[in-house]
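Accompanying notes for the structure given below.
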Amino acid sequence: MTTDASPKPDATTDAEGHDEPALEGEGASSQIGIMYSEHTWTVPPFVKAITFWVLVASIGGLGVHEVQKRAQFRGLLVDSVVSPENWGNGPAPEIQLGAVYHEGKDGGGTIKLSDYKGKWVFVNFWATWCAPCRDEMPSMEMLNRRFKGEFAMIAVSVDDDQAQIGRFFGSDKPSFTVLWDGEKRSSNTYGSRKFPESYLIDPEGRIAAKFTGPRDWYNQGTVQYFEDVLRGRRKPVT
């Protein structure tokens with residue numbers, strides 16, 4: 001008769017070959033109990049919901065912050081191109097002059113700035129002998145066409161001779177209004193002596209911004225500026 005000399009599964013063997021009871025946790029079956037659990041862990045639905053909405057809020061917050069940063073950057077970029085100046089938001093002095101051109105036609109009688117109250121008005125002081133003034137006229141024409149109906153554009157000439165205005169435009173009549181200030185009363189009232197100078201008048205008849213010197217009035221920055229101002233997305237001067 002033979003006996004099995006291999007140790008029992010749940011026992012240890014000492015140096016002399018005697019079997020000893022296994023310590024707690026040393027048996028194979030006990031190891032299985034330690035490594036695995038028959039209990040199934042589940043996350044309560046309310047915890048899942050809270051986690052989900054916290055993540056959504058965090059992602060949404062990042063998105064809003066990114067949009068705000070982009071809008072701020074765009075505003076700084078536009079301001080660097082347009083360079084609007086704060087003129088105190090005071091009442092715009094009245095302008096009452098004879099029209100050389102009005103809405104694409106010759107003449108037009110006497111035009112007053114107050115006639116446009118309730119609308120945004122772009123006023124430009126210029127002269128035909130001023131080279132920078134002449135250079136910016138084509139872009140002013142394009143800007144006026146772009147926002148026609150949303151604002152009015154008035155170009156006030158300080159030429160000594162009204163005929164010079166007609167010779168400058170020739171047969172290409174501007175779509176905006178051109179007034180003649182031969183005595184320079186209106187330009188002096190506004191303090192404009194270095195041409196060109198422009199002003200943006202708000203619907204309440206106040207000077208919202210001043211622009212010293214010539215501009216390309218129809219590049220991406222200036223168009224974006226006027227679009228944002230006229231549609232209430234930004235202030236004329238930040």
Note on the range 172-220: residues buried (at least 17 other Cβ atoms within 10 Å of the Cβ), charged (D, E, K, R) and not in a loop (DSSP other than H, G, I, E, B) are GLU197, LYS210
Of those in the range 107-122 that are surrounded by 11 or more Cβ atoms within 10 Å (Cβ to Cβ), at pLDDT 95 or above and over 32 Å from the mean Cα position of the chain (by Cα), the residue farthest from ILE165 (Cα to Cα) is LYS112
Taking the range 112-156 and keeping only residues that are closer than 16 Å to LEU230 by Cβ, of a type in the set (Phe, Trp, Tyr) and not in a strand (DSSP E or B), one is left with TYR116, PHE147
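Within the range 157-167, which residues are part of a helix (DSSP H, G or I) and in contact with a strand residue (DSSP E or B) (Cβ under 9 Å, 6 or more places away or on another chain)? Reasoning before the result, please.
Just the residues of the range 157-167 that are part of a helix (DSSP H, G or I), to begin with: 162-167.
Scanning the range 157-167 gives GLN162, GLN164, ILE165, GLY166.
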| Hey, any hits in the range 213-226 for a residue that's within 24 Å of GLN96 (Cβ to Cβ) and among the charged types (D, E, K, R)? | no
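Return the residues of the range 173-202 that are free of Cβ contacts under 8 Å to residues at least 12 places away in the same chain and among the charged types (D, E, K, R); say none if nothing qualifies.
The initial filter retains those residues of the range 173-202 that are free of Cβ contacts under 8 Å to residues at least 12 places away in the same chain, namely 183, 185, 188, 191, 193.
Hits for the range 173-202 are GLU183, ARG185, ARG193.
The values are calculated or read from the model by the stated rules, or taken from the named source; none is laboratory data. This one's a predicted model, so the numbers in the text were calculated from it and none came from an experiment. Here Cβ is always computed from backbone atoms with ideal geometry, including for glycine, and neighbour counts include all displayed protein chains.
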